[in-house]
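The values are calculated or read from the model by the stated rules, or taken from the named source; none is laboratory data. Everything quoted here is computed from the prediction, not taken from an experiment. We place every Cβ from the backbone using ideal geometry, glycine too, and count neighbours over all the protein chains shown. Heads up: the accessible areas ignore ligands, DNA and RNA and are worked out on the full protein's heavy atoms, side chains in. Shrake-Rupley method; radii C 1.70, N 1.55, O 1.52, S 1.80 Å.
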Amino acid sequence: MVTKAETQSIRGVAEGIIQPIDSSVRPSTSVYLACNLVFHDKLGRMVVRNGSTQLGSQITDGMSCLGLYTHVTTGGTKVPLAVFNATGDATSVVSKYTSSTWSNAKTGLTASAKMRFATFLDTTVRVNGTDVISSTDGASWVTTGGNLDIGNMPVGKYVIEFQDRIYTAGVSSNPDRLYFSAVPVGGTISWTSGNGYIDIEPEEGAGSITGLAKVPDYVLIFKERSVKRWDYSSTFPESLVDIGCPSQEGIVMTKQSVFYFNKRGIYETTGGYPRKVSSRIQDIIDAIPSTYYASVSGWGDGESVFFSIGDITLEGQTYSNVVVEYRIDTQVWTMHTYPTEIKVWSCMIDSYGDYIVIAGDDDGNVWQMFTGLTDGSTSIPWEVIWKEIEFGSRGKEKTISRTIIYSENVPNGVLSVKRDGDDTFRIINNFVSRVSEIKDAYSGNYFDIKLQGVGAAAEIIGIDFEDIIIGTTYGNQFTRTKY
């Protein structure tokens, strides 16, 4: 004897990705995985993310971005700067973006050396730990003097402004030393008078300095296995935490917080003990190859934080050029993929004074992110997976005879199902937007449900499962003529 269950619905998805978690306690408004879908555009629905538009033309074919920044001149002109190796890989070049065109601004630099930037006193300085330091006012570059006294500045890898001083670290001869300039006098700083340095506990075994950041009241000094604080009067002898960050690009400053990547997860601090914010996507974090840890890069726009984590394999499927997004106000996570790998993030300011997120990839391009309906000329694929839906008792087999899918702007989606922990999904049928009734039956004790498609502006509203027949005994009792 069997029973027929009432219609079961999945609607109002607003919690984003939550994993790993048992189905008995998983919120019905969450999913196991969402790719290229966001949860904040229309609360309760999943909406395909915005695309990306190439900024100018390709700078150097096949080369990875080494640095990205926007200098704003005293007259208000915005000058994006991008660093790539030159053709042949012998040197690297700083390019500037003016009149919708990239052109060389500084050539003959060390190949493959990551470049970081900071602006102070209307002057932008660039450092890579090897080349002679230079600075620009947006028009020309100098290697001595200027507002930042760069001819006397230690040749570090990392640079930041804090409380009217420039700080630098990563000097090859003193990898644990934090240097700071004097405060400005007459519109210039000095690296020979009023300056100084402090050694950041080289004996503690936490590795060398890997990056700098700031929150209100503190500079944060990152090492591979620790974080230190400095307020100009003290470094505070204890480590803030013994969880560091492997690279400067893996540190994000936004909304008076610092978010940073560690192999254990992604953390947030405002100057106190950090909290882990990535527990909901732990399966994704665990899938990041250890060889990629030092290549993770991130950015924040005040509303979301983004981390590029490379290629991952999850549930037997490989996702390429992955970016995870954390919505700060709702604490909701989602995941994106892109045609090329995002290597460095930054921002530029448009004619209206709004900040625009930009990113440099691994193929000589700079992209304006989260704009348009495609990634360049590439359509955006999307998918969502709900994992281990039991429809009541996990032990009793069910046969679902009708699946109703609600969506908007989906020209040709696909419903796939995985049952009882099978290794692979099997396609049940296609669906189109608005209301699609699928009468293909499938049986099992519990199910992973996947919807996927390609295209712009798609919205996934929900699913109804109807004509559910439930067995009265435990185990598998139906003859499975359909998957």
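General observations
- Of the strands (runs of 3 or more DSSP E) contained entirely in the stretch 427-478, those carrying at least 3 residues that are open to solvent by less than 20 Å² (accessible area, probe 1.4 Å) fall at 442-444, 447-454, 459-474.
- Restricting the stretch 410-426 to residues that are among the polar types (S, T, N, Q) and modelled with pLDDT under 95 leaves a set whose member that is surrounded by the fewest Cβ atoms within 10 Å (Cβ to Cβ) is Thr424.
- Scan of the stretch 62-87 for residues that are part of a loop (DSSP other than H, G, I, E, B) and either open to solvent by 50 Å² or more (accessible area, probe 1.4 Å) or among the aromatic types (Phe, Trp, Tyr) (or both), ordered by number: Thr74, Gly75, Thr77, Thr87
- Cβ separations smaller than 9 Å between residues 6+ apart or across chains give the following pairs from the stretch 345-363 residues that are under 15 Å from Tyr97 (Cα atoms) and touching a residue at least 60 places away in the same chain (Cβ under 8 Å) to residues that are β-branched (Val, Ile, Thr) and not in a strand (DSSP E or B): Gly360/Ile59.
- Near pairs, Cβ below 6 angstrom, 6+ apart or cross-chain, from the stretch 7-22 (closer than 17 Å to Phe391 by Cα) to any residue that is open to solvent by less than 70 Å² (accessible area, probe 1.4 Å) and among the acidic types (Asp, Glu): Thr7/Asp464; Thr7/Glu466; Ser9/Asp464
- Within the stretch 129-149, considering residues that are closer than 14 Å to Ser190 by Cβ and at pLDDT 95 or above, the one surrounded by the most Cβ atoms within 10 Å (Cβ to Cβ): Leu148
- Of the strands (runs of 3 or more DSSP E) entirely within the stretch 322-421, those holding at least 2 residues that are farther than 24 Å from Leu33 by Cα occupy 342-349, 355-361, 366-369, 396-408.
- Enumeration of residues in the stretch 41-61 that are farther than 15 Å from Ser103 by Cα, at pLDDT 95 or above and surrounded by fewer than 18 Cβ atoms within 10 Å (Cβ to Cβ): Thr53, Gln54
- Residue match in the stretch 88-109 (condition: under 28 Å from the mean Cα position of the chain (by Cα) and in a loop (DSSP other than H, G, I, E, B)): yes
- Pairs linking a residue in the stretch 379-405 that is over 19 Å from Glu6 (Cβ atoms) and of a type in the set (A, V, I, L, M) to a residue that is open to solvent by 20 Å² or more (accessible area, probe 1.4 Å) and outside any strand (DSSP E or B), with Cβ atoms under 7 Å and 6 or more positions apart or on different chains, are Ile380/Thr374; Ile380/Ala456.
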